[in-house]
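Engineer: Below: one structure in structure tokens.
The values are calculated or read from the model by the stated rules, or taken from the named source; none is laboratory data. Note that the coordinates shown come from a computational prediction; the quantities given were computed from them, not determined experimentally. Using ideal geometry, Cβ is built from the backbone for each residue, glycine included, and neighbour counts are taken over all protein chains shown.
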Amino acid sequence: MPFQSERLRTLREAKGWSQQELAKRAKMSQSAIAKSESGTNLPGSKVLDKLAQTLECTIDYLHGRGSDYDSAGAAASRMAFDIAQQFLTDEQLEGCQRVLPHSSAPKTAEAWRSFAEMLTLAAGSKSSVAPLALVEGPKAKPMGTARHHRN
């Protein structure tokens, strides 16, 4: 199958990126993205590889081959999850897999890792304490001691 320009456009849109944003992330020109999406320019193998890496998808997906998905959003979520899962704990994987079918599931590997960290924090796991120490600042006074009431 030849390159499917519609898949490029819908996957970009599912991630919430403009053509300019995709161009910036892929280190390409916005006009090259626009021409590829309109079908007036078929991307060569190097450009296709850049696009697939940036969009966290397979080249086969951009050619209309491989797995079928209900929507571009489902494709973005699934393929990004496939990349992110190598960085997740078994507990995080279990939580993320329950969210995967949802239409608002994360659409990038970075968003999946962030979501998994939130799951860990919500569960109260001790494994998340170390990264939080990096943002710890001075202790704030309790609200009750900072207020003065006039009668």
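Engineer: Going by the structure shown, is residue 54 at pLDDT 95 or above, surrounded by 13 or more Cβ atoms within 10 Å (Cβ to Cβ), under 27 Å from residue 29 (Cα atoms) and in contact with an Asp or Glu (Cβ under 7 Å, 6 or more places away or on another chain)?
Structural biologist: Taking the combined requirement at face value, the residue does not satisfy it.
Engineer: Report yes if some residue within region 53-62 is among the hydroxyl-bearing types (Ser, Thr, Tyr) and more than 23 Å from residue 106 (Cα to Cα); otherwise report no.
Structural biologist: no
Engineer: In region 91-122, what residues are in a helix (DSSP H, G or I), small (Gly, Ala, Ser) and in contact with a helix residue (DSSP H, G or I) (Cβ under 6 Å, 6 or more places away or on another chain)?
Structural biologist: Residues satisfying the conditions are 95, 109, 116.
Engineer: Still on this model: Could you check region 26-49 and list, in sequence order, the residues that are crowded, with 17+ Cβ neighbours inside 10 Å and farther than 20 Å from residue 1 by Cβ?
Structural biologist: 26, 28, 32, 33
Engineer: Across region 1-19, what is the total count of residues that are surrounded by fewer than 15 Cβ atoms within 10 Å (Cβ to Cβ) and either charged (D, E, K, R) or under 17 Å from the mean Cα position of the chain (by Cα) (or both)?
Structural biologist: 3
Engineer: Further question on the same structure: Would you check which residues across region 70-91 are buried (at least 17 other Cβ atoms within 10 Å of the Cβ) and more than 14 Å from residue 110 (Cα to Cα) and list them?
Structural biologist: Within region 70-91, 72, 73, 74, 75 meet the criteria.
Engineer: Going by the conditions given, is residue 67 hydroxyl-bearing (Ser, Thr, Tyr), touching a Lys or Arg at 6+ places or on another chain (Cβ under 8 Å) and not assigned by TED's automatic domain parsing to the domain that holds residue 111?
Structural biologist: Criteria met by residue 67.
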